[in-house]
2 protein chains.
Amino acid sequence: MTPPVRGFPDAEFSARLVRAQALMAIAGLDALLLTTEPEVRYYTGFLTRFWESPTRPWFVVLPQSGAPIAVIPGIGAHLMAQTWVRDIRTWAAPDYNDDGVALLADTLREVVPGGGTIGVADQMESHLRMPLASLRALEAAIGTRRVTGDDTITRRLRLLKSDPEIAKITRAVGAADRAFDRVPEIARAGVALSQVFRDFQGLCLQEGADWVPYLAGAAGAGGYGDVISPATDVALVAGDVLMLDTGLVWDGYFCDFDRNFSVGAPTAAVADGHARLIAATEAAFAIARPGALICDLFHAMNEIVNPDGGASQAGRLGHGLGMQLTEWPSIIAADRTGLQVGMVLTLEPGVTLPGGKILVHEENIVIEATGARFLSRPQRQEIRVI
Amino acid sequence: MTPPVRGFPDAEFSARLVRAQALMAIAGLDALLLTTEPEVRYYTGFLTRFWESPTRPWFVVLPQSGAPIAVIPGIGAHLMAQTWVRDIRTWAAPDYNDDGVALLADTLREVVPGGGTIGVADQMESHLRMPLASLRALEAAIGTRRVTGDDTITRRLRLLKSDPEIAKITRAVGAADRAFDRVPEIARAGVALSQVFRDFQGLCLQEGADWVPYLAGAAGAGGYGDVISPATDVALVAGDVLMLDTGLVWDGYFCDFDRNFSVGAPTAAVADGHARLIAATEAAFAIARPGALICDLFHAMNEIVNPDGGASQAGRLGHGLGMQLTEWPSIIAADRTGLQVGMVLTLEPGVTLPGGKILVHEENIVIEATGARFLSRPQRQEIRVI
């Protein structure tokens with residue numbers, strides 16, 4: 001196990017670039033144009049929470065050969081210069097007349113021949129983080145060069161995590177595991193859910209999170225209605241099931257798992273539902289190894305949580321995890337991706353209880369040569385009681 | 001002053017819709033298509049941190065007349081049903097074959113006549129949060145209807161905050177002000193900056209933040225190199241200037257301001273630089289009233305922080321604030337927006353000290369009929385010392 005340290009050696013980034021360039025050659029792409037936080041960070045190491053500001057677009061160009069080129073607002077030059085990127089071109093953003101389009105077009109004309117193609121992420125789970133009008137202006141400015149899909153190159157590379165990436169995820173998971181263990185310190189009947197959320201985020205920070213980009217959850221008598229709600233100011237009462245689902249970050253890598261707590265003794269329906277969630281998780285875990293398919297994990301869980309063949313509200317029973325809270329692939333019946341060493345996944349079954357309330361459970365696993373390994377501490381069938 | 005309560009009455013949302021529909025009529029738009037978190041929330045009240053997951057696209061259609069239509073993943077149906085939106089159409093996302101495009105196209109064909117236009121945000125500070133391939137498929141599926149710019153309708157409406165919105169921002173600002181007052185509890189020579197960041201977020205939560213989407217800052221001898229960096233594990237030492245810049249949230253509304261602290265007595269250069277930052281902030285504040293222009297604020301500050309006519313690294317000296325950490329407009333020389341009652345702005349001057357280090361200061365203000373009012377507690381010219 002590699003001990004987690006901040007950042008990566010330059011060799012990790014150059015290896016990512018070489019792999020991307022090999023796939024670009026196969027796909028016939030002359031460059032990749034990156035516009036989103038995880039894409040830019042994956043190839044450069046540029047880590048900042050400043051993406052929270054929607055004002056400025058950021059661009060990185062990966063040529064078919066040679067080094068990456070950052071085309072970024074001046075405010076980012078100092079931080080980008082601390083990465084392995086050496087070719088950093090800046091403009092004084094925000095510029096109401098031309099917010100980086102001319103500089104980006106010049107760069108693309110320089111590295112992409114006339115008639116060449118520039119790949120951008122255009123598939124599921126992606127978006128282009130630049131104004132649509134700027135895309136149109138860029139397309140007009142690059143002559144015969146064409147903006148096209150990126151053949152899922154970055155998505156495919158990010159699917160398999162390196163040991164240092166897994167070490168960062170493991171550290172994030174560990175902080176969340178310890179915070180969940182301390183929930184009885186902050187949650188009891190009479191405490192408002194909004195206060196529980198606030199205090200739980202404080203526990204995550206105390207246990208080592210750099211920040212807590214995601215916390216959702218719910219509390220309700222005998223279950224809850226959804227898993228994406230923010231907290232209300234309503235106080236917990238005996239009989240509630242409290243669910244907390246967190247994606248906290250260490251050095252830019254996420255965990256994503258939840259825990260359920262019964263405020264007082266659980267009802268039989270809740271106890272049974274929770275036991276089924278754990279059984280489903282264990283069933284998927286047992287078959288998760290190289291060669292199995294993502295859809296196999298789906299079916300292993302769904303047979304337990306939806307024995308009548310129904311579907312969960314969430315639309316899937318888990319997903320990839322890493323630089324983002326949720327990543328490719330989705331654990332659904334239609335996904336026939338083969339499991340490979342280095343995939344990090346969440347197993348996230350949900351059950352609907354009599355009366356329509358739901359319960360959802362989630363664990364994080366990594367695929368290794370001989371099978372899966374739990375990153376989060378797997379839970380017992382008995383729901384935790386507070 | 002309206003006391004802050006969670007949510008808004010339905011009347012606030014229907015008034016926003018009516019205003020948007022009036023502007024749509026002027027612009028000749030038959031519908032608006034909303035895809036991003038703030039756009040969707042502005043018209044519906046749909047508040048969730050689930051946007052952190054990039055997997056699923058979310059759509060809201062505002063027809064030229066009539067009620068909004070949500071076209072969303074099934075996982076969001078329960079939460080959306082708690083808003084004022086009644087027409088909620090869902091699909092089982094993620095769907096690898098068609099992730100909502102057919103359902104959205106059906107909806108648009110229903111409310112937009114053949115040959116009609118559908119406005120999307122396409123200007124600066126915007127992006128389209130859906131896969132580019134889905135946009136192309138949508139355009140192919142809606143016949144003679146055309147996707148075009150939204151004439152900045154939503155941006156113009158969001159520029160002016162209602163009293164309940166200002167009350168929420170005020171509550172966020174107050175939590176940050178109290179957290180900044182407590183920095184001496186957590187920061188001193190010998191403490192790693194990463195630990196200061198962690199503990200400061202804990203203070204923000206203790207002081208009432210729902211969550212802390214943004215914290216950047218820096219610490220360095222006699223100033224720092226940029227204002228967007230995450231924390232390092234390097235310990236503070238005497239002579240450092242520590243800067244913390246936070247955007248915390250209460251009920252979905254942000255504050256955004258920073259504070260500088262000198263670890264031990266400041267150097268003359270730091271003391272002078274900080275005094276100039278405060279003088280610049282006060283100069284802009286003094287002239288900030290309805291009828292003044294955004295560029296007036298820029299010049300008032302820039303004459304003090306860049307008396308030789310230079311430019312700050314950040315590219316601007318403040319910006320709008322509200323549902324996002326940064327909003328339209330930018331305080332730059334090119335912005336001739338007239339100040340109006342209800343604008344919430346940050347004043348954010350920066351200075352470069354001899355040797356190249358920088359200092360940045362930021363306050364939050366609201367424009368009222370007779371002038372500006374500080375939302376954050378304005379600082380004295382003397383830098384705080386810890």
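Residue-by-condition table, conditions (1) assigned to a strand (DSSP E or B); (2) over 17 Å from the mean Cα position of the chain (by Cα); (3) among the basic types (K, R):
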| site | (1), (2), (3) |
| --- | --- |
| B:D151 | no, yes, no |
| B:R156 | no, no, yes |
| B:I166 | no, no, no |
| B:I169 | no, no, no |
| B:P184 | no, yes, no |
| B:A189 | no, yes, no |
| B:G202 | no, yes, no |
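Do you know which residues across segment B:90-105 are surrounded by 18 or more Cβ atoms within 10 Å (Cβ to Cβ) and not aliphatic (A, V, I, L, M)?
Result: B:T90, B:W91, B:P94, B:D95, B:D99, B:G100.
Looking for whichever is touching a helix residue (DSSP H, G or I) at 6+ places or on another chain (Cβ under 6 Å), within 23 Å of B:R41 (Cα to Cα) and either buried (at least 19 other Cβ atoms within 10 Å of the Cβ) or not basic (K, R) (or both) here; the options are B:L128, B:L132, B:L108. Which one fits?
Result of the check over B:L128, B:L132, B:L108: B:L128.
I'd like to verify a number: residues in segment A:341-360 that are out of contact with any Leu (no Cβ under 6 Å at 6 or more places or on another chain) and not in a strand (DSSP E or B), how many?
Total satisfying the criteria: 7.
Restricting to segment B:68-96, count the residues that are within 24 Å of B:S14 (Cα to Cα) and part of a loop (DSSP other than H, G, I, E, B).
7
Yes or no, residue by residue, for (1) part of a helix (DSSP H, G or I); (2) assigned by TED's automatic domain parsing to the domain that holds B:Y42; (3) at positive phi:
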position: B:D98; (1), (2), (3): no, yes, no
position: B:P113; (1), (2), (3): no, yes, no
position: B:E125; (1), (2), (3): no, yes, yes
position: B:A133; (1), (2), (3): yes, yes, no
position: B:E139; (1), (2), (3): yes, yes, no
position: B:V147; (1), (2), (3): no, yes, no
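Please give the number of the condition B:S194 fails out of (1) in contact (Cβ under 8 Å) with a residue 24 or more places away in the chain; (2) buried (at least 20 other Cβ atoms within 10 Å of the Cβ); (3) within 12 Å of another protein chain (Cβ to nearest Cβ).
(2)
Per-residue answers, yes or no, for (1) more than 14 Å from chain A (Cβ to nearest Cβ); (2) more than 18 Å from A:L132 (Cβ to Cβ):
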{"position": "B:D87", "(1), (2)": "yes, yes"}
{"position": "B:A92", "(1), (2)": "no, yes"}
{"position": "B:R109", "(1), (2)": "yes, yes"}
{"position": "B:G116", "(1), (2)": "yes, yes"}
{"position": "B:H127", "(1), (2)": "no, no"}
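Looking at this structure, is A:F180 more than 30 Å from B:A334 (Cβ to Cβ), within 11 Å of chain B (Cβ to nearest Cβ) and buried (at least 17 other Cβ atoms within 10 Å of the Cβ)?
Taking the combined requirement at face value, the residue does not satisfy it.
Scan segment B:142-155 and give yes if some residue there is buried (at least 17 other Cβ atoms within 10 Å of the Cβ) and facing chain A (nearest Cβ under 8 Å), otherwise no.
The answer is yes, given that some residue of segment B:142-155 is buried (at least 17 other Cβ atoms within 10 Å of the Cβ) and facing chain A (nearest Cβ under 8 Å).
Go through segment A:1-54 residue by residue and tally those that are away from chain B (no Cβ under 14 Å) and acidic (D, E).
The total comes to 3.
Restrict the check to segment B:61-70 and report whether at least one residue is within 10 Å of chain A (Cβ to nearest Cβ) and buried (at least 16 other Cβ atoms within 10 Å of the Cβ).
no
Results for (1) within 15 Å of A:D258 (Cα to Cα); (2) acidic (D, E); (3) assigned to a helix (DSSP H, G or I), shown as yes or no for each residue.
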position	(1), (2), (3)
A:V173	yes, no, yes
A:S194	no, no, yes
A:G217	yes, no, no
A:G220	no, no, no
A:P230	yes, no, no
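Could you tell me how many of the residues in segment B:319-357 are without any contact (Cβ under 8 Å) to a residue 60 or more places away in the chain, away from every other protein chain (no Cβ under 14 Å) and crowded, with 19+ Cβ neighbours inside 10 Å?
Of the residues in segment B:319-357, 1 are without any contact (Cβ under 8 Å) to a residue 60 or more places away in the chain, away from every other protein chain (no Cβ under 14 Å) and crowded, with 19+ Cβ neighbours inside 10 Å.
For segment A:217-261, give me each residue that is among the β-branched types (V, I, T) and within 9 Å of another protein chain (Cβ to nearest Cβ).
Result: A:V227, A:I228, A:T232.
From the set of residues in segment A:333-386 that are hydroxyl-bearing (S, T, Y) and touching an Asp or Glu at 6+ places or on another chain (Cβ under 8 Å), which is farthest from A:H299 (Cα to Cα)?
Step by step, filter segment A:333-386, then rank; the result is A:S376.
Can you tell me which residue among B:R19, B:R56 is over 18 Å from B:P131 (Cα atoms) and either polar (S, T, N, Q) or touching a residue at least 40 places away in the same chain (Cβ under 8 Å) (or both)?
The conditions single out B:R19.
Which of (1) among the polar types (S, T, N, Q); (2) surrounded by fewer than 24 Cβ atoms within 10 Å (Cβ to Cβ); (3) in contact with a Leu (Cβ under 9 Å, 6 or more places away or on another chain) does B:T246 not meet, given it meets every other one?
(2)
Is it the case, given these coordinates, that B:T370 is polar (S, T, N, Q), surrounded by fewer than 21 Cβ atoms within 10 Å (Cβ to Cβ), more than 24 Å from A:A77 (Cβ to Cβ) and within 14 Å of another protein chain (Cβ to nearest Cβ)?
Against the criterion (polar (S, T, N, Q), surrounded by fewer than 21 Cβ atoms within 10 Å (Cβ to Cβ), more than 24 Å from A:A77 (Cβ to Cβ) and within 14 Å of another protein chain (Cβ to nearest Cβ)), B:T370 does not qualify.
What's the total number of residues in segment B:304-318 that are at pLDDT 90 or above and at positive phi?
Number satisfying all stated conditions: 2.
The values are calculated or read from the model by the stated rules, or taken from the named source; none is laboratory data. Note that the structure is predicted; figures quoted are calculated from it, not measured. Backbone-built Cβ (ideal geometry, glycine too); neighbour counts: all protein chains shown.
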